[in-house]
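Notes for the one structure printed next.
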């Protein structure tokens, strides 16, 4: 689990640690990866970009400082990190991950718990994208997750899909559960942030699971046009997810409230609207690292809302394969990913 790499505080797991041991020498069940590219999560990148107001040198310096100080990439404001791709350099004799030296892999665990060293000063990163060319090394533990990169997709596409692959997998599982439990009653799925990477894949996964009505919520007309053109949503809803009453009314007018509401936006303040837009007995899945889980829980209590709220933890068995299959098979998903390059 990597607890032996925790330097501070004693007894913590790597994600909760303030500092990790990044030495390249391996314990017997570890794997060392030569880093090729980081993919910062959307909430973290947005916060850093807005803080530095376009000062890419300042942004680059802060990322380097975080990694140097903590031995991992964990934004101190959002608490989130991202993931990386690279090439396996060395495999410990007891590693259960099934990786071999020379494999190009994507790590499917967060950078917030991955020991990381950057050695090139991020000199090739222009600071305008979540994808960060880098050189250095990272350590995977016996309980980590990694997937060999597919040969049929460009690296940029594969990392973008794998970065959010937990969202469609959990969405599919929850929708299938409601389909079974409702015995013929329609299942309405609302995806907030539907034109983004995780949002578009979640719409495709909900369709794959047999959802009866798909509502895609977007904040402005540019994304509205893109989502309509993709064909992924049955109804496109133009609404500000930070306006609880406005979002509820817009979703209701479009055919809601949702049986399942999937929150995929990277801005704070969407918790109340998601709860109000979900039917009694329904489920809200929070995938955004900008979510305040105390606001979600206490807000639902204050509204006497009988909804189940799930934290999308990024891991569901088979999540990478499902997301890649949806990307390959759904032109609408690919078009939305391409619009965000």
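All of the numbers you see were taken from the coordinates with simple rules; none came from a lab. The structure presented is a predicted model; accordingly, all values stated were derived computationally and were not measured. Virtual Cβ from ideal backbone geometry, glycine too; neighbours counted across all protein chains shown.
Observations on the model:
- Each DSSP beta bridge with both residues in the chain is either parallel or antiparallel, and the antiparallel ones are about 55%.
- For the range 230-274, dividing the convex hull volume of the Cα atoms by the residue count gives 83 Å³ per residue.
- Of the residues 327, 315, the one with the fewest other Cβ atoms within 10 Å heads the list, and the complete ranking is 315, 327.
- Semi-axes of the equivalent ellipsoid of the range 116-188 are 37, 16, 12 Å, computed as sqrt(5λ) over the eigenvalues of the C-alpha gyration tensor in descending order.
- C-alpha long axis of helix 221-230 to longest principal axis of the chain, angle in °: 90
- Highest-first arrangement of 197-204, 2-9, 67-74, 298-305, where packing means the average Cβ count within 10 Å: 197-204, 67-74, 2-9, 298-305
- Ordered by the number of other Cβ atoms lying within 10 Å of each residue's own Cβ, fewest first, 90, 130 fall into the sequence 90, 130.
- Panel order for 78, 308, by other beta carbons found within 10 Å of each beta carbon, from fewest to most: 308, 78.
- Cα-based values for the range 166-339, radius of gyration first and Dmax second, are 14.4, 43 Å.
- Bins of 10 Å from zero: percent of alpha-carbon pairs in the chain: 6, 26, 33, 24, 11, 1
- Largest-first principal axis extents of the Cα set of the range 1-73 (Å): 43, 27, 19
- For the range 245-267 and the range 121-154, distance of Cα centres in Å: 34
- Computed from Cα positions, the angle between helix 166-182 and the longest principal axis of the chain comes to roughly 40 degrees.
- In the elastic network of the chain, a GNM with C-alpha springs shorter than 10 Å, the most mobile of 227, 276, 176 is 176.
- Using all pairs of distinct alpha-carbon atoms, the Kirkwood hydrodynamic radius of the range 3-153 works out to 15.4 angstrom.
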